[in-house]
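Worksheet: the structure to be examined is printed underneath.
The values are calculated or read from the model by the stated rules, or taken from the named source; none is laboratory data. Please read all numbers here as calculations on a predicted model, not as lab measurements. Here the Cβ is made from the backbone with ideal geometry for all residues, glycine too, and neighbour counts use every protein chain on show.
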Amino acid sequence: MSDVIIPDFGNVSQKTWDRFYRFAQDQQQADKFFTKQRLLDVKKAFKGVGEKAVDGIGECYAQMDSRTFHRMLQNDEHFWKDESNVKKFFKDNPQYLNQTASGSTHKV
């Protein structure tokens, strides 16, 4: 777990703190937008990949951009090997799951 560093800016006006807070909120909204856009790009590039199983390989039940995949590995290098982590991740983030051949979303 990383430490949170809180800088001491000294005597700063409330107006400055409000501007900083609004900037932080805008940055969070931008991060959410870009994450969603990267996912849409990946799904568009590999459209139809998860719709059928391949003998000997199985099926592609989820797709995500490499940034999300590696972000989870930064926190825990065995994140994707632990089945409980994977189930919780896809339960919390169903947008990464593919639709199956029948049209329903894959259940993890």
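Observations on the model:
- Of the residues examined, Val12 is one that is outside any helix (DSSP H, G or I) and surrounded by 10 or more Cβ atoms within 10 Å (Cβ to Cβ).
- Restricting attention to the stretch 46-66 and to residues that are in a helix (DSSP H, G or I) and surrounded by 11 or more Cβ atoms within 10 Å (Cβ to Cβ), the residue that is modelled with the highest pLDDT turns out to be Val49.
- Unique residue being modelled with pLDDT of 85 or more and closer than 16 Å to Tyr96 by Cβ when the list is Phe23, Phe69: Phe69
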